[in-house]
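Below is one structure; the comments refer to it alone.
What follows draws every value from the coordinates through simple rules; no lab data is involved. Source: prediction; values computed, not measured. For neighbour counting, all protein chains shown are included, and Cβ atoms are generated from backbone atoms with ideal geometry for every residue, glycine included.
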Amino acid sequence: MRKVKKMAGINVDRLSLKELVDLEAKVKKAIALARDRERNELKKKMADMAETHGFSVTELFGGTRGRGAGKSKSVGVAKYANPENRSDTWTGRGRKPNWLVERLKKGADLSDFEI
């Protein structure tokens, strides 16, 4: 268990409104940092414990649950390929890859790269 630092006594009754608002902002920031720190410590402990038993956290709890949780991302089928390197492909969705943008600028047609 960590040692708790002793705080200097602050008499909030004697602070001005501006000082109280500044103090509130500092406290909110400190709370957010403390939450992040403790979350990261817990993640590390859980990962170490899982690894000790031959698992990963993902195996035990599933994928990440951040933004977009619950949405399934289907992997599209490649429709276009780089003629110089057939492993460079594009599904036709999202941003065009650099190799394709360069060739289109030189006058190539998108249909030239269809698989």
request  = Divide by every residue of the chain the summed helix terms, -39500 (n - 2.57) for each DSSP H run of at least 4, and state the resulting mean residue ellipticity at 222 nm, rounded to the nearest 500 deg cm²/dmol.
outcome  = -14000 deg cm²/dmol
ask   = How large is the charge dipole for the chain, taken about the Cα centre, if only the Cβ atoms of Lys, Arg (+1) and Asp, Glu (-1) carry charge, to the nearest 20 debye?
value = 560
Residue (of F61, W90, L110) at the positive-pole extreme of the chain, dipole from beta-carbon charges = F61
remark   = Length gained, T58-D88, 0.36 nm per residue minus C-alpha separation, equals 7.9 nm
key: Which labelled figure in (i) 108; (ii) 255; (iii) 154 is volume of the Cα convex hull per residue in Å³, once derived from the coordinates   = (ii)
key: the chain: relative contact order in percent, alpha carbon pairs under 8 Å with at least 6 residues between   = 14
